[in-house]
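Scroll down for the structure; my scribbles are underneath it.
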Amino acid sequence: MRKLRIGIVGTGFIGKQHIEAIRRIPGTEIVAIANDDVEVAKDVSEALNIARYYSDYRKMLDEETLDVVHNCTPSAYHYPINRAVIEKGIHIFCEKPLALTTDESENLVELLKQYKVANGVNFNYRHNAMVQEMRGRVKNGSVGKVHTMSGEYLQDWLMYDTDYDWRLDPMIGGKGRAISDIGSHCFDTIQFITGKKIVGVNARLVTVYPIRKVHTKRVEDSGADRDQVKNHVKEVAIQSDDAAHILLELEDGTQGVLNISQVFAGKKNAFSLHACGEKASLTWHQEQADRLLVGNRDKGNEEIFAGASYLTDEGSYYSTLPNGHPVGWADALRSSIHSFYNAIQKGSYRDAKQGYATFETGHYIMRLVDACIKSHEENSWVRI
């Protein structure tokens, strides 16, 4: 089977995670990277032994022979890069969100009707072995009909008014923030586990800090520090959500509730999901990603580890290590990319349904984020 030639656009934290994950997949070669800061691109290429680097992704697309491009840039750059890659006839794998606006994401979905390339969005949690196990047990009916879904995604990295990141700038991160950045993972994983779309939301968004304080250096036109040691504090108006409480309804009438926060002290990446069925319940905690809790009424509860012999077909396929060896976040990212590459190698990416999230899925989740914002503004349920 021919080796896939890969290009990476964006070499920050997530770009480096993609590089590491790709190198764990046989039959691949990362041939080039692009970053608008050429010195950063050079440093990464040297540190990670990647032959060629570019400051302009368009030049990389023109000069390199690529099978796949990974778009690992901030949200505002997703649309133009995705479009350029698609129009070159190259397969594209993009970080979430798919674009900055739903108009952009819809345009990409329409463009793919003309350029039939493989397209994926990195909702990696669906590729965790125990999330796959939840899906398998819902499908085989062992928990009975699922009547409620609930979950929470809690972090504390923005809990002080002096915390700031590009995601808080709507021109770079988009209108939604916590609901887009981490709530989108909840939407995708719930839909994946149940096999049902979310068709209604009733959301209340919380902005804890309408004003945040950003520390910036004050410099002269020459580039010299004006204050030598002191930093200048700039106040920035915040237009997006720090937290959200969301009621939701799936297409079969199943009800759900989500609690989302990036200002919850002590929570680092606390993503948890609960599927409550007529016979049993299933609970998964991302911070203990290799375990699944099965709740029973008439017998003892169970804690299942990610061992292939204990799992359904869906879960066992993703449980690649012997029992007792934790399968976690990095493994789910690798599996997400591997699933996408398998579809390319086999030509099955042309099929309507995929195990990975496609651009159509990414567009629908962007519509859900918009619906949450509209629901908050109108204080009402919004149907998709």
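The values are calculated or read from the model by the stated rules, or taken from the named source; none is laboratory data. Only a predicted model underlies this, so the values are computations on that prediction, with no experimental measurement involved. Because the Cβ atoms are built from the backbone with ideal geometry, glycine has one as well, and the counts that use them run over all protein chains shown. Ligands, DNA and RNA are excluded from the accessible area calculation, which covers all protein heavy atoms including side chains. Shrake-Rupley method; radii C 1.70, N 1.55, O 1.52, S 1.80 Å.
Round to the nearest 0.05 the FRET efficiency obtained for Thr148 and Thr65 when R0 = 51 Å and r is the Cβ-Cβ distance. Show your work: numbers first, answer last.
Values: r = 50 Å, r/R0 = 0.99.
Working from the Cβ atoms, E equals 0.50.
Ignoring ligands, DNA and RNA, what accessible area per residue does the chain give at 1.4 Å, in Å²? Walk me through the numbers on the way to the answer.
On the way: 17810 Å² over 384 residues.
Here the per-residue accessible area is 46 Å².
Would you kindly calculate the translational diffusion coefficient of the chain, applying Stokes-Einstein with the Kirkwood radius from alpha carbon pairs, for 20 °C and a viscosity of 1.002 mPa s, and quote it in µm² s⁻¹ without decimals?
Numbers: Rh = 22.0 Å.
For the chosen part, D equals 97 µm²/s.
Just to confirm my numbers, what's the Cα centroid distance between region 261-290 and region 314-384 in Å?
For region 261-290 versus region 314-384, the Cα centre distance is 17 Å.
With a 1.4 Å probe and all protein chains kept in place, how much accessible area does Lys113 have, in Å² rounded to the nearest 10?
Accessible surface of Lys113 is approximately 120 Å².
Could you please state how large a percent of the accessible area of the chain is carbon and sulfur, counting protein chains only and using a 1.4 Å probe? Working shown, then result.
Working: 8500 of 17810 Å².
Of all accessible area on the chain, carbon and sulfur atoms account for 48 percent.
Within the set of other residues whose C-beta is less than 15 Å from the C-beta of Arg2, count the net charge using Lys and Arg as +1 and Asp and Glu as -1.
On the way: positive: Lys3, Arg5, Lys346; negative: Glu29, Asp67.
My count for the surroundings of Arg2 gives +1.
Loop-only check: which GluC sites (Glu not before Pro) in region 280-322 are DSSP coil with at most 11 other Cβ within 10 angstrom?
Details: sites: Glu287, Glu302, Glu303, Glu314; in loops: none.
Those that pass, being in a loop and sparsely packed, number zero.
If you wrap a convex hull around the C-alpha atoms of region 1-79 and split its volume per residue, what is the figure in Å³?
Values: hull volume 7.0 nm³, N = 79.
Per-residue hull volume (Cα only) is 88 Å³.
What are the DSSP H helices in the chain that stretch 20 Å or more along their long axis, judged by alpha-carbon atoms, and whose average Kyte-Doolittle hydropathy comes to at least -0.5? All intermediate terms of the calculation are to be shown ahead of the outcome.
Numbers: long enough: 329-346 (26 Å, -0.32); 359-378 (28 Å, -0.30).
Once both thresholds are applied, what remains is 329-346, 359-378.
Which net charge results when you count Lys and Arg as +1 and Asp and Glu as -1 among the other residues whose beta-carbon is under 12 Å from that of Ile198?
Numbers: positive: Lys196, Lys197, Arg367, Arg383; negative: Asp188, Glu249, Glu251, Asp252.
Summing Lys and Arg as +1 and Asp and Glu as -1 gives 0.
Binning at 10 angstrom from zero up to the longest distance, how are the C-alpha pair distances of region 184-343 distributed in percent?
Bin by bin from 0 Å, the calculated values are 8, 25, 28, 19, 12, 7, 2, 0.
May I have the convex hull volume per residue, in Å³, for the Cα set of region 82-236? Let's see the in-between values first.
Numbers: hull volume 29.8 nm³, N = 155.
Cα convex hull per residue, to the nearest whole number: 192 Å³.
Within region 22-168, what is the number of lysine pairs with alpha carbons under 29 Å apart, leaving out pairs fewer than eight places apart on the same chain?
Total qualifying Lys-Lys pairs in region 22-168 comes to 13.
PRE reach from Leu321 (point 7 Å along Cα→Cβ): which of region 329-363 fall under 14 Å by backbone N?
Counting only backbone N, you get 329-335.
In the neighborhood of Asp161, defined by Cβ-to-Cβ distances under 9 Å, what is the net charge if each Lys or Arg adds +1 and each Asp or Glu adds -1? Please list the in-between numbers first.
Working: positive: Arg212, Lys213; negative: Asp163.
Result for the local shell: +1.
Estimate the FRET efficiency between Arg52 and Glu377 by the formula 1/(1 + (r/R0)^6), using the beta-carbon distance for r and 45 Å for R0, to the nearest 0.05.
Values: r = 47 Å, r/R0 = 1.05.
Taking R0 as 45 Å, the efficiency between Arg52 and Glu377 is 0.45.
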